[in-house]
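Report on the following structure.
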Amino acid sequence: MRRGRTLILVFLIIIIALVVGFVAFRQFATPAPTVQQPVNIEVYIAAQPIPQGGKITEDLLTTITVPQDKVIAVMFTRDELSALTNNKVAKYPLDQGVPITEAMVNDASAAVSIAGPQWASLIPPGMTAMSLPVSRLAVAGYAIQKGAHVNLNACFNFVDVDPTFQTVLPNLTAALTGTGFVPDTLPVVTLGVGAAGSPQGRLELDPSLQQPYYLIPSEAQRPRMVCQMLLQDAVVLELGNSPLPTAAVVAPAPTDPNVPAAAPVAPDIITLIVSPQDSITLSYLMYTNAQISMALRNPSDQARQATEASTLQFLLSQYNIPVPAKLPYAMQPSGLVAPCLQNDIASGICSPVSPSLLNHNSRVRDIYFSKYELFKSPGSLKWP
């Protein structure tokens, strides 16, 4: 009896040992699963800007490491260098750091020669480049530069004209003598003009004296101004003149190192990327003496705003400006005088002349405007 219990205990110990051994064997003898390391591949990018039509050479290229699953078939890997540099040219301007693909290059033998300047490729299809004359006020004190996004405003002066003569009203009056038409049998009566040059007025009745009197204007017709935003989110292609061709550049004469270098010339034109229709509009504005100014905007702002044209009536109503009453006293000087800034004095645009002298001495005022060419363009605001 005791011997049977001993055998059972021995069998139990053997079974437990086998189970423990089996578990240990599965735990330590089975190899751990291997983790695959990601494979990286080197692809070619532009090491520096490559112009359109420029030949692809090895010194213009460099490589970056990209995971294999991110590499596409059109990219050039390190073992495909010969295919990239073998008589290949850039189809488009390639910026530094751009991965080069098969669509960006072409065989030099099959490449079409690029006519015109390289920056013409910066103009999107369907758009054109148009230049306008500007001052520093029109370009936000030169804060508007190449690549900026701007809104374009324009101001116009309107006057009444005679529909037939197409001349500014009022017309001039004249007195006619004779009819100018006689039969052949009678002596010819000449048509004469008398008292020519008087402006056309109107006849009014004095309510107190009940007497008619003839009114004529005391000055030429004052134009009516209106300003409106015409273009929104136009891109600036260039501020100032574009570089001239190499053959047209004259080598500068040697300068004295002791003489300070001349100050850079301020740009006086700006080139905008606009639609063909807008370029025609800008041409019309430029040659009709419209005053054009630009407002700088954030390039990420794609919104379009509906604006209302500014006129004298709009200013009075929108900003609650009252029309001043006629008082028995007034301010001196009587006219508005624009400040003459230090930059304008240095460049000779204006001179710090006394405003009271300009207001009360018309001769000095005429000389001042003639010398500094202020308010001389037709349709611009005149001195009061």
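The values are calculated or read from the model by the stated rules, or taken from the named source; none is laboratory data. Since this is a predicted model, take the numbers as computed values, not measurements. Only protein heavy atoms, including side chains, enter the accessible area calculation; ligands, DNA and RNA are left aside. Shrake-Rupley method; radii C 1.70, N 1.55, O 1.52, S 1.80 Å.
Quick look at the numbers
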{"quantity": "Protein-only accessible surface order, largest first, of 26, 224 at 1.4 Å", "calculated": "26, 224"}
{"quantity": "Residue-level accessible surface for residue 205, protein heavy atoms, 1.4 Å, Å²", "calculated": "100 Å²"}
{"quantity": "Residue order for 70, 326 - accessible surface, 1.4 angstrom probe, largest first", "calculated": "326, 70"}
{"quantity": "Largest-first ordering by accessible area, 1.4 Å probe, given options 150, 168", "calculated": "168, 150"}
{"quantity": "Exposure of residue 215 as accessible area (Å², to 10), given a probe of 1.4 Å and all protein chains", "calculated": "60 Å²"}
